[in-house]
1. Any idea how far the Cα center of the range A:90-116 sits from the one of the range A:498-519, in Å?
2. Given the rule -39500 (n - 2.57) for each run of at least 4 DSSP H residues, summed and divided by the residues of chain A, what is its mean residue ellipticity at 222 nm, to the nearest 500 deg cm²/dmol?
3. Just want the ordering: A:Tyr208, A:Tyr169, from fewest to most Cβ atoms lying within 10 Å of their own Cβ.
4. Which of the residue pairs A:Lys125/A:Lys446; A:Lys113/A:Lys360; A:Lys58/A:Lys394; A:Lys381/A:Lys446; A:Lys358/A:Lys381 have a Cα-Cα distance greater than 27 Å in the structure shown?
5. With unit charges on the beta carbons (Lys and Arg positive, Asp and Glu negative) and the dipole taken about the Cα centre of chain A, which residue among A:Leu368, A:Ala331, A:Ala496 sits farthest to the positive side?
6. Near A:Lys384, which aspartates and glutamates are there with a Cα under 16 Å away, not counting those fewer than 8 places off in the same chain?
7. Over what distance in Å are the Cα centres of the range A:212-269 and the range A:31-56 separated?
8. By the gyration tensor of its Cα atoms, with a ≥ b ≥ c the square roots of the eigenvalues, what is the shape of the range A:458-519: rounded for a/c under 1.5, prolate for a/b over b/c, or oblate?
Amino acid sequence: MTAGSPPSHLFATMLARVQTAAGAVLGSAADLARIVVEPPRDPAHGDMATNAAMVLAKDAGLKPRDLADKIAEALRADSLVEKIDIAGPGFINLTLKAHVWGDALRAVLEQGKQYGRGAIGAGAKINVEYVSANPTGPLHVGHGRGAVFGDALASLLAFAGYDVAREYYINDAGAQVDVLARSAFLRYREALGEAIGEIPEGLYPGDYLKECGEELAKDYGDSLAKMPEDEWLPIVRLRATDMMMAEIRNDLASLRIVPNVFFSERSLIEGELPDPFATEEAPVRPKDVVETTIAQMRELGHVYEGRLPPPKSGNLEDWEDREQTLFRSTAFGDDVDRPLLKSDGSYTYFATDIAYHKSKLDRGFLSLIDVWGADHGGYIKRMKAAVSALSGGKADLDVKLVQLVRLLRAGEPVKMSKRAGDYVTLREVVAEVGRSAVRFDMLYRKNDAVLDFDLAKVIEQSRENPVFYVQYGHARGHSIFRMAQAEMPALASEPAARLEALKMANVGLLTDEGELSIMRKLALYPRLIEAAAVAHEPHRVAFYLYELASEFHGQWSRGKDSPHLRFIIQNDPETTVARLALVQGIVTVLASGLALLGVDAPEEMR
RNA sequence: GCGCUCGUAGCUCAGCUGGAUAGAGCAUCGGACUUCGAAUCCGAGGGUCGGGAGUUCGAAUCUCUCCGAGCGCGCCA
């Protein structure tokens, strides 16, 4: 990192000190990596608790509580520690010196937007592939969830110190894009004035191809209509997929999602195509890297000619026992070996996907994340097997499955027309409820849980609606600033000057239990970022923000019954400034987390 | 039949990768607006963590086995 590594945060500091203490007691043989320092669920157990003694007791040949005594003794003189208790089966509970929470708050103000930025990524390259829908129609809400998840995960990883690529794999090589081309060709003939009647079974009936047909008619006149299919098809296909991708890019942009790389599947087979969507590099690839990939795997002994047992279920009518080109994925944990060539000699989707993932490895990524729809779960083992085979076990692939989205309106399922091609698009949903609501709602859930998306609830302005609740917390902070400015003009008129003033606050005046609790929460943010990034779980950020907002709203309301707890105290500027510093800390972290999620942090709610 | 993802309060969901007495919101009941924003807050009730067995100091979390839901199971992508 050129800007220097981020400052270590309180929990990382304490973990290191506990590890040092344990190491001093046990010697170098101890496995210190298993030690955890975490906030106890019960505040009565102090500020931090560590399991060090329980985890290491066996190796040490001591009872946990006896070991805890020794470790505690080594920590007794620590500059941050006020009090140490041994409790339960051998927890070491630490109560920290009073000033550490004020120090933590000051760190938030000092670091601003950088607060929480992590170093665990250490600049390592990581590749996040998401959406990757066929360019055969508009995105629907399920695609949107994958897109939002992948984008937020990428942002989270970047914040945690990784060098992140956001990638969209364009499935523009299969039979489905040929169907798209034929569908567009029909619209083209329609645009030329031909009566096309009903769209035949098997073609895409949606109206969205009409524009494509009209453009083709404008650019080519009737010349395409005179060609045989094998001549017009590539032309129409390219135009249609280009137009579809332009639409998809727009839809993604409306959610503030901008992949760095749009990677064309077809380019793996046919060589490099002009790629109008690449926003970054355009990797140069030789013609048919799928073939060379397969050849390389064959040399390594991972590919062979053989037969497969018949599938266990489904109809066996089409089943034909034949020798084919297979990837020995069973050697890497898969259930059966997987074919790479179809009976007509063309590549299976898996074959090109292997070549695609090899390209990621070739570009220096050892850490790969794929975000897929839940219906692709059966594909995970073979893809992991392929990555393992290609990298010699050096690269890691984590596949995040995104469950389906059930669209509701006020609790009732949204009626989807049976007619193919006519479904609720992502664009319609974003237009109706807005980007922030869509994004937060989709991230306020684990990726592998089914999501009920209620169009009525996500725009509701109440506690029931988490996005509103968190945004309101941020707005409430600014509302307090506005009020403070009105009542104490001397404080500061504009944000930058105010921030400087608040950095000087005497945060030692923040001694109320509610205030301390908020400061502890703020101190937890960097640790949360690390944990969420390691787990590849952006939803944790959303839940954290909700909890922080909740504590803030609570503290605010406490001031109603107890006026001395209000943020603004009329004739006590010193206390007021200290509390405004706390508000600044809250606002900073709320804004930081919301930014990671791609959700607006408004200064007032309207 | 096999594989994957799940099963936590009446409902919708968290649970910090094995920690202490399992937590929120909604719903229900009871409170708080002369107020820096009541768009909010405080309190109460509500649980065999699907069932059972195992691993160990300790299990909602890990293993096994049943039950139930969803998804998938050459030549679709």
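Readers should treat all values here as calculations from the given coordinates under stated rules, not as data from a laboratory. These figures come from a predicted structure and were not determined experimentally. Note: ideal-geometry Cβ built from the backbone for every residue, glycine included; neighbour counts use all protein chains shown.
1. One Cα centre to the other: 12 Å.
2. Details: 19 runs with 286 residues, N = 606.
Taken over chain A, the calculation gives -15500 deg cm²/dmol.
3. On the way: A:Tyr208 19, A:Tyr169 23.
Taking fewest neighbouring Cβ atoms as first place, the list is A:Tyr208, A:Tyr169.
4. Pairs exceeding 27 Å: A:Lys113/A:Lys360; A:Lys58/A:Lys394.
5. A:Ala496
6. Excluding near neighbours in sequence, the set is A:Glu129, A:Asp334, A:Asp335, A:Asp337, A:Asp353, A:Asp370, A:Asp396, A:Asp398.
7. The distance from the Cα centre of the range A:212-269 to that of the range A:31-56 comes to 57 Å.
8. Oblate.
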